[in-house]
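The structure under discussion appears below in the form of structure tokens.
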Amino acid sequence: MGLIRNWRRRRVLREHAVDSALWRRVAHSLPFLDGLDDADQRRLRELALLFLAEKQFAGARGFELTDQMRLSIALQACLPILNLGLDWYDGWVGIVVYAGDFRLKRSETDEAGVVHEWDDELAGESMPGGPVVLSWDATLASHDPDEDDLMNIVIHEFAHKLDMRNGAADGQPPLHSGMSRERWRALFDAAYRHFRDAVDRGKETFIDPYAAEHPSEFFAVVSEVFFEWPHELKADYPEVYEQLALFYRQDPAARLPA
């Protein structure tokens, strides 16, 4: 199956291409791509093309997706796997895009056995073994200079997908050979506790307070910051930055200006 897939991918790259004008327009709207050298840009372009060929996009509730929207999502989704490869997104195919925030029904059984149900309003969601669901409004807000919040909903949800490759999202994706699970857990746990304490004390932080909700959310949020605002993350949580650089096999602080 691997040989067949590789053959298909080579054929996609040989027979298809991303429109150059569209590429420039979309890449210009994502300033955190500016630091990529020519080789990285070429690899990201190929990954995005394969991503678009292998994943199925759908607009929810009549929302019409344009090629520019698809490419924007693809570029942001492929940046984390630039040096990992598209196989890290195996096991699912769907990307559902709503025009704005959407609602999902939640349920939880408490210790007494009582089931509680509620509607949760979301900007993004990653389903284990299922699709990634995104709000296009939230995707645009991620790159609006007038927005106060530092966020990237696409990188956030695709970080969850990487986290889920070895089971339920818990903030510890499958690590590469030579990386220590114990060191990762110790450093992330310490940073998570420090961050939760800061949030509980009402301290302002450039990291979205949502990261304090769960270790998996902390991993997803600091992944956003790692790619878009690496110098801030490296200054406040240098050991977390180091682990993310080893995992993603990238060093955004080295390619983006402070």
If each residue's Cβ is checked for other Cβ atoms within 10 Å, how do 7, 136 rank with the fewest at the top?
7, 136
Arrange the following residues from fewest to most other Cβ atoms within 10 Å of their Cβ: 40, 163.
40, 163
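For residue 93, what charge total do you get from the other residues with a beta carbon under 10 Å from its beta carbon, if Lys and Arg give +1 and Asp and Glu give -1? Write out the running numbers ahead of the final one.
Numbers: positive: 55; negative: 54, 90.
Around residue 93, the surrounding residues sum to -1.
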In region 10-54, which chymotrypsin sites (Phe, Trp or Tyr not before Pro) fall in coil by DSSP and have 15 or fewer other Cβ atoms within 10 Å?
none
The chain - mean residue ellipticity at 222 nm from DSSP helices (-39,500 (n - 2.57) per run, n ≥ 4, rounded to 500)
-15000 deg cm²/dmol
Starting from the Cα gyration tensor of the chain, multiply each eigenvalue by 5, take the square root, and state the resulting semi-axes largest first in whole Å.
28, 23, 20
What FRET efficiency comes out for the pair residue 194/residue 65, r = Cβ-Cβ distance, R0 = 30 Å, nearest 0.05?
0.15
So for 98, 89, fewest C-beta neighbours within 10 Å to most, what's the order?
98, 89
Residue 10 versus residue 88, label points 7 Å from Cα toward the beta carbon: distance in nm?
2.5 nm
Ratio Rg/Rh, restricted to region 170-258 and using Cα atoms, in which Rh is the Kirkwood radius:
0.95
At most 15 other C-beta atoms within 10 Å and a DSSP loop state: those are the exposed GluC sites (Glu not before Pro) I care about. Give me the longest piece of the chain that has none.
1-63
With a 10 Å cut-off between alpha carbons and a GNM built on the chain, which of 55, 161, 203 moves the most?
203
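The numbers here are math on the coordinates, done by the rules we state, and not lab data. All of these numbers come straight from a predicted model, not from anything done at the bench. All Cβ positions, even for glycine, are placed from backbone atoms using ideal geometry, and neighbour counts span all protein chains on display.
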